[in-house]
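The values are calculated or read from the model by the stated rules, or taken from the named source; none is laboratory data. Computed from a predicted structure; not experimentally measured. Backbone-built Cβ (ideal geometry, glycine too); neighbour counts: all protein chains shown. Note: areas computed on protein heavy atoms with side chains; ligands, DNA, RNA excluded. Shrake-Rupley method; radii C 1.70, N 1.55, O 1.52, S 1.80 Å.
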Amino acid sequence: MASSFLKKTDFKADVVIIGAGLHGCSTALHLALQGVSVIVLEKDYAGRHASGVNAGGVRRLGRHLAEMPLSVASAKIWQEIEGFVDDDCGFRSSQQIKVAETPEELSKQETRVNEVRQSGFHHEKMIDQQTLREMLPNVSPHCVGGMIVEDDGYANPFRTVQAFRLKAQSLGARFREGTKVANIKRERGIWFVGCHDCVVEAPKLVNCAGAWGGEIAKKLGENAFVSAIALMLMITARMPAFVTGVVGAEGRTLSFKQFPNGTVLIGGGHEGQANKDDNTTHLDYSGLAINAHTARTIFPIMRSTRIVRAWAGIEGMTPDGIPVISPSQADDAFHGFGFSGHGFQLGPIGGKILSDLVLDDKTNLPLEPFRIDRF
Amino acid sequence: MTQHYEIIVIGAGPAGMAASQTAAKHGAKTLVLDEQRTPGGQIYRAAEANEARQSVELGKSYENGFSLVKSFRNSAVDYVPGASVWQLSHEREIGYSKDGTAHIVTANQVIVATGALERPMPVPGWTLPQVMTVGAAQILLKESEIGIADAVFVGTGPLLYLVVHQYITAGIPVKAVIDLTPACNYFKALAHMPNAVFAMSRIMEGWRWKREIIAADIPLISRVDDVRILGDGAVEAIEYRHKSTWKKLDCDHVLLHQGVVPDVNISLAAGCDSRWDEAQACWHILVDEWFQSSVEGISIAGDSGSIGGGVAAEQRGHITALGALMRLNKITPVERNRLARPYQASLKTEMQVRPFLDTLFRPADNFRMPEHEETIVCRCEEISAKQIREAVDLGCQGPNQLKSYTRCGMGPCQGRFCGLTVSELIGKFSNKPVCAVGYYRLRPPIKPLLLDELANMKNQPEN
Amino acid sequence: MFTRVNKNNAKFVSISLDNQTVKVRKGLTVAAALLEANIGHFRQTPVSGKPRAPFCMMGVCFDCLVVIDGMANQQSCLIEVCEGMRIERQIGPADIIPEKPEDQGTKP
């Protein structure tokens, strides 16, 4: 819609951020904390997709080694989250355990924990069968042990997005929801972002568009292969408290936890169908059946509970399963998208990194693996 | 193996029974899934049992269902009672549970005939144990020959008066009838009277029921514009505002009713388009003249699309099936049109009375959008009107965000008893039309599903 | 007060409610049978602990949930009574049923 450029500029800011998921809101907050004027454009509403409807795991356990320094730095912010955003985000510091069901799985985990140690991180530990039984009294007896991070946790995803957004807003950041970016143009060192109802002008631009991050990158002349996936989750009726922390499985896809209100969330990465053109997702019941079967296998007492709801959020997946966090090849533009199903824990640090890049063109965390031109 | 049918009908009320009979008559391999134990839906519930015991209290319109149920029983359809449908996908894959086992079936054409449910009536105290819907009282009477002695009937709509009449006929004592029909509705409804003349006998029947209440010395309190039910753990009294004065009536049971609305959960979860109907103050599923929805191969028959009543539902069931049969090439378009004509004619006559009824019995705003802020809106998660207003004040724009803010609508009933209230309340608090506020985004399972049943589906061989 | 309308002869079955034997009419749903026995509330909500009883009788409201033969979250308005059925009021969140021998899951 070239016509939108004929109008006068409606909004001006130092930085325009595209996407009000957790990373967009976090970037807005970190920038606003530095007194930078920010405007965030969101085509739906803040936290509508993967950021707001994910499993809420705050997990270093089992991370890709490239993400480990970021994840460790983010964990520090999570532990102090209430002081940072004035809301506890539903965050509970707790253990994360990945159970091993066979001796082979256990030895695979030992190798992994050693590898992490050699990289200088000591938060992942092995636990034996007896310790596992003590920590998870209802785990199936066939589970032989597992690996653990004692002080990971979980949070309420939508509330977290909302808290970051409200805090950023309180510091002057502006959010425009229901505003879809139609075109992006750079003139005389200024970005002009044309939307259906306004034009935003800013010297710097940040792309936090999640599953739609590839489309925004394309408008900047870059190719990033990010596909839209729909990660399915389901939740049960309330049950008496029987499990603490978050539980995964080495040999199966699982993320399992019980909220303080008694409901149990079962997820972990089974995919439905995502349609990013009309925001719809479709659930695949054969995948949910496998997920339910896994939950029942690890926790046999689950069999008599009822699934009350199932849903899926649209998330951006990259070919190598790690995100794009990178300066653009275009001047004064930056990317943070494609977190591939594990970006929630990285949200607090993701915003810090992008704000560092915007303000100083550098950050003290290693970003080489996340370059946009790696594809 | 997944079983496949040419036509699957969900629901065995008048629409479902009519649709499946027509479908089977023209040679379509047809399956009927129904949650209840016997055919009839809510309107003709337990028809067979009542015919057998020659009940007199249920009246003539109920007896109309006897022949429909009989011919349904005699038709060549596979009928599965006690089947709880928890999924209908846009590819027409249906998941249902029966006796603790989940099944998947598929069809070329699906006819949703899940009928109506009673409109939520959020008044203070409506969650107390001895408060039920008038429909629930009627179900107890039809199916179990149980009456609720000395109950106070509260609300508006034809069903309220019908059930009071049935109670009087059956000799069950009624404590009082509190009529909440807004006085202004009578004048507004007069404008629709000319179209409703054919239905004069039914309108007169309504007047007779009213006279019968008075003749039976049952207090009939009209022009009441607010009520609240009192009690701590059990109903103790009902308070009502009559001509600006609050009065109190001690009682043990309260029966509420303010009309019926389409049960749209299954259609919305399947992705069918809907629109807000201001006259009926509920969502309608958009359909074409053969009642096919926006999702190809999924049709909506009867009250589950929009409210037309039991007789209209039967006609719509036949017409819907003819549309589906044509799409299956079982009949030609010419045959379809010819066969549909008589049903369409009766449907047209039947629907002429709707504007009159919809206007007369449209519940007042304060009974749809509670003004007492402590009133529970979401019965499952116990979310009050106040909590909804506070969420809107915080920036909540719609029902889906409200779930994230408050858990409203996230309990086992999946929004069926709060969804309408929530959409209208958010519209009121944020000064937006209800159509802009929208409804809950619904997903399968549309009824809670035993984890064991879901897990066992993993072992089912694909076909 | 819930009362029978026609007092003609009916067949009865024995069920138990919270370990007390109750004679109820054969053919009724669990919800109708318990209402006819005028038992008051059916459950206490997991949110506030407030008492509830059936509201809609047609499978929509989920206020009639009880524990039947050890299985929680059962919609009593959709299930027929049978001889020897064990029913318990559902108090708060549904209890977990004890593990059965076949629950000892193994990795396939």
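Below are the figures for this structure:
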read-out: Size of charge dipole - the stretch C:12-93 - debye, nearest 20, with Cβ of Lys, Arg +1 and Asp, Glu -1, no other charges; value: 140
read-out: The protein assembly as shown - charge dipole about Cα centre, Lys and Arg +1 at Cβ, Asp and Glu -1, debye rounded to 20; value: 1660
read-out: Carbon plus sulfur fraction of accessible area for the stretch C:12-93, probe 1.4 Å, in percent; value: 48
read-out: Under 5 Å, built H, 5+ apart or other chain: amide partners of residue A:249; value: A:99, A:254
read-out: Of all DSSP beta bridges in the protein assembly as shown, antiparallel share, percent nearest 5; value: 65
read-out: Relative contact order (%) - criterion: Cα under 8 Å, at least six apart; region: chain A; value: 24
read-out: Built amide H within the under 5 Å cut-off of residue B:450, gap 5+; value: A:307
read-out: With Cα atoms, 0 to 90° folded angle of helix B:333-351 axis to chain B main axis; value: 10
read-out: Inverse of mean 1/r across different Cα pairs in chain A, Kirkwood, Å; value: 21.2
read-out: Heavy-atom accessible area per residue - the stretch C:12-93, 1.4 Å, Å²; value: 35
read-out: Straight-distance crosslink candidates among lysines, where the alpha carbon sits under 23 Å from residue C:11 and sequence neighbours closer than 8 are dropped; value: B:142, C:23, C:26
read-out: Positive minus negative residues near residue A:271 (Lys, Arg vs Asp, Glu; Cβ under 10 Å); value: -2
read-out: Accessible area per residue in Å² at 1.4 Å probe, computed on the stretch A:199-322; value: 28
read-out: Neighbour-limited loop hits for GluC sites (Glu not before Pro), the stretch B:296-375 (at most 14 other Cβ within 10 Å; DSSP other than H, G, I, E, B); value: B:296, B:371, B:373, B:374
read-out: Percent accessible area from carbon and sulfur atoms, the stretch A:137-270, protein chains only, probe 1.4 Å; value: 51
read-out: Protein heavy-atom accessible area occluded, B/A pair - total, 1.4 Å probe, Å²; value: 2900
read-out: Inter-chain Cβ neighbour average for residues B:139-150, partner chain, 10 Å; value: 6
read-out: Eligible lysines near residue B:188 by straight Cα distance, threshold 26 Å, same-chain separation 8 or greater; value: B:210, B:243, B:348, B:428, B:432
read-out: Helix B:310-327 axis, angle to chain B major axis (alpha carbon atoms, nearest 10°); value: 20
read-out: Accessible-area composition of chain B, carbon plus sulfur, in percent [1.4 Å probe]; value: 52
read-out: Relative contact order computed over chain B (Cα-Cα under 8 Å; 6+ residues apart), in percent; value: 19
read-out: Spatially close lysines, pair count over the stretch A:61-189: Cα under 29 Å, gap of eight or more or interchain; value: 8
read-out: Residue among A:240, A:94, A:123 farthest towards the positive dipole end of the protein assembly as shown, charges placed on Cβ; value: A:240
read-out: Using alpha-carbon coordinates, inclination of helix A:22-33 to the longest axis of chain A, degrees; value: 60
read-out: Surface accessible to a 1.4 Å probe, per residue, for the residues of the stretch B:258-310, Å²; value: 29
read-out: Averaged over C:58-69, number of beta-carbon atoms from partner chains that fall within 10 Å; value: 6
read-out: Chains B and C, summed buried accessible surface - 1.4 Å probe, Å², nearest 100; value: 3300
read-out: Helix-only [θ]222 nm of chain A, DSSP H runs n ≥ 4, -39500 (n - 2.57) each, per residue, nearest 500; value: -8500 deg cm²/dmol
read-out: Accessible surface buried once A binds C (1.4 Å probe; total of both sides; Å²); value: 1600
read-out: Cα centroid separation, the stretch A:249-326 to the stretch C:1-57 (Å); value: 39
read-out: Interface residues, the stretch A:226-247 - accessible area loss of 40 Å² or more versus chain alone, probe 1.4 Å; value: A:238, A:240
read-out: Assigned charges on the beta-carbon of Lys, Arg, Asp, Glu; the stretch B:76-173 dipole about Cα centre (debye); value: 180
